[in-house]
Amino acid sequence: MFFIDSHCHIHDEDFPINQSEVFTLMQENKIQKAICVGVSVENSIRAVDYSFANATKEYNIELYSAIGVHPHEAKNLSMEGILKLEEQLQKHKEKIVAIGEIGLDYFYNNSDRNSQIKALELQLELAKKYDLPVIFHIRNAFDDFWQVLDQFEVKNNYKIRGVVHSFTDNEENLQKALDHGFYIGVNGISTFVKKPEELAMFSQIPLEKMLLETDSPFLAPQGKRGKKNQPAYIKLIAEDLAKKRNIAIEEIAKVTTKNSQLLFNI
């Protein structure tokens, strides 16, 4: 039995937990693979470099990276930035397994909506060109997201595959994501929601379309709330899922690991 953390930020320069602790606890909790996800051009390059620098057999852990510009940073994305991302894709195919995290976030609106949509479209082009899955960050913006996605796919005759990261929206958008073939990223939020509609939504996510993720250092699960999150806590999320669904944690590990392997080819 082992797990994959499909979305973390342990490569961040200010990650608040000692690196040796992160890897030791990953090993102890059977998290054998993790994807370091970029949020800006510079942070994406750092994710790639980190995945190379920490490719060590000492802990029996494999690291990969995703590169992309988060919707919060969309206003800063230029064509020069796209070219820098593309340079990474051309040089480091073996370590870059997705474009992400990209998308639309109308909750904070740290970038204006037009900039977010333009950045999303430009990065969907990268996903198509290099035939990579996408890690999507969508918050309070699904109506525009579906429209942008549909228009892109029709125009390019190309179907985007990927995962909707940290999904907490309603059952209607969950079903649209599943109908599209997307995987659903489940993290620590699922362990502490209490509203009936939230519990019902999480219960509707099919295990065969679920990826486990921490989004560390954010969103620590129940039992670790108030602390900084880390990939080792994937096991706590899996334990919570196993209890709520009345299935063995080994089954959670087996299916979600297979899902990540299939989507990201790792």
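Taken together, the values in this text are just the output of simple stated rules run on the coordinates, not laboratory data. The model shown is predicted, which means the values in this text are computed figures rather than measured ones. Virtual Cβ from ideal backbone geometry, glycine too; neighbours counted across all protein chains shown.
When Lys and Arg each count +1 and Asp and Glu each count -1, what net charge do the other residues less than 13 Å away from residue 86, Cβ to Cβ, add up to?
For residues surrounding residue 86, the net value is +2.
Once phi is turned into θ = phi - 60°, what whole-Hz ³J(HN,Hα) does the Karplus curve with 6.51, -1.76 and 1.60 give for every residue of the stretch 75-89, x standing for Gly and Pro?
So the J values, rounded to whole Hz, are 5, 9, 7, 10, 5, 4, x, 4, 5, 5, 5, 5, 4, 5, 4.
Once amide H atoms are placed 1.01 Å from N in the peptide plane, what residues at a sequence separation of 5 or more from residue 183, or on another chain, have their amide H within under 5 Å of its amide H?
Sorted by chain and number, the residues that satisfy this are 162, 163, 164.
Looking at the chain, identify the longest residue range that excludes and avoids all chymotrypsin sites (Phe, Trp or Tyr not before Pro) in DSSP loops having at most 11 other Cβ atoms within 10 Å. Walk me through the numbers before you get to the answer.
Numbers: sites that count: 107, 108.
Longest gap between qualifying sites, sites excluded: 109-266.
Which distance in Å, rounded to a whole number, links the C-alpha centroids of the stretch 97-142 and the stretch 20-78?
19 Å
Kirkwood hydrodynamic radius for the chain: how many Å is it when counted over pairs of different Cα atoms?
Values: mean 1/r = 0.0544 Å⁻¹.
So the Kirkwood estimate lands at 18.4 Å.
Based on DSSP H runs of at least 4 residues, each adding -39500 (n - 2.57), what is the mean residue ellipticity at 222 nm of the chain after dividing by all its residues, to the nearest 500 deg cm²/dmol? The partial results should precede the final answer.
Working: 10 runs with 118 residues, N = 266.
The helix-only estimate for the chain comes to -13500 deg cm²/dmol at 222 nm.
For the chain, which span is the longest to avoid every loop-located (per DSSP) member of GluC sites (Glu not before Pro) having at most 10 other Cβ atoms inside 10 Å?
Numbers: sites that count: 13, 58, 94.
Value returned for the longest uninterrupted segment is 95-266.
Which cross-chain or sequence-distant (5 or more) residues have an amide H under 5 Å from the amide H of residue 62, H modelled 1.01 Å from N in plane?
Close amide H contacts, sequence-distant or interchain: 33, 34.
What percent do you get for the relative contact order of the stretch 3-264 when only Cα pairs under 8 Å and 6+ apart count? Before the final figure, lay out each step's value.
Details: 510 pairs, mean separation 52.0, N = 262.
It comes to 20 percent, rounded to a whole number.
Can you run phi through the Karplus equation (6.51, -1.76, 1.60; θ = phi - 60°) for the stretch 249-260 and list ³J(HN,Hα) in whole Hz, with x for Gly and Pro?
For the stretch 249-260, the Karplus-derived couplings read 4, 4, 6, 4, 4, 4, 6, 5, 5, 4, 4, 5 Hz, x marking Gly and Pro.
I want to check the label-to-label distance for residue 156 and residue 114. Put each point 7 Å from Cα in the C-beta direction and report it in nm to one decimal.
Computed distance between label sites residue 156 and residue 114 equals 2.3 nm.
Quote the FRET efficiency, to the nearest 0.05, computed for residue 146 versus residue 21 with a Förster distance R0 of 35 Å and r equal to the Cβ-Cβ distance.
Numbers: r = 41 Å, r/R0 = 1.17.
Here the calculated transfer efficiency is 0.30.
Per residue of the stretch 41-48, in order, report the coupling 6.51 cos²θ - 1.76 cosθ + 1.60 (Karplus, θ = phi - 60°) as ³J(HN,Hα) in whole Hz, putting x for Gly and Pro.
Karplus-based 3J(HN,Hα) across the stretch 41-48 equals 4, 5, 5, 5, 4, 5, 4, 5 Hz.
Just to confirm a number: summing +1 for Lys and Arg and -1 for Asp and Glu over residues other than residue 262 whose beta-carbon lies under 12 angstrom from that of residue 262, what do you get? Kindly include the intermediate steps, with their values, before the conclusion.
Values: positive: 161, 209, 258; negative: 208.
After counting each charged neighbour, the total is +2.
When 92, 165, 11 are ordered from fewest to most other Cβ atoms inside 10 Å of their Cβ, what list results?
On the way: 92 16, 165 27, 11 24.
Ascending number of Cβ neighbours within 10 Å: 92, 11, 165.
Based on the Cβ-Cβ distance from residue 80 to residue 204, what FRET efficiency comes out when R0 is 35 Å, to the nearest 0.05?
Values: r = 42 Å, r/R0 = 1.21.
Once the sixth-power term is evaluated, E becomes 0.25.
Let me know the Rg and Dmax you get for the stretch 113-152 when you use only its Cα atoms, in Å.
10.0, 28
Given H placed 1.01 Å from N in the peptide plane, which residues other than close sequence neighbours of residue 98 have an amide H under 5 Å from its amide H?
67
Local charge sum around residue 60 (other residues, Cβ-Cβ under 13 Å, Lys/Arg +1, Asp/Glu -1)? Could the numbers behind the result be given before it?
Working: positive: 30, 33, 57; negative: 28, 58, 62.
Once all neighbours under 13 Å are counted, the net charge is 0.
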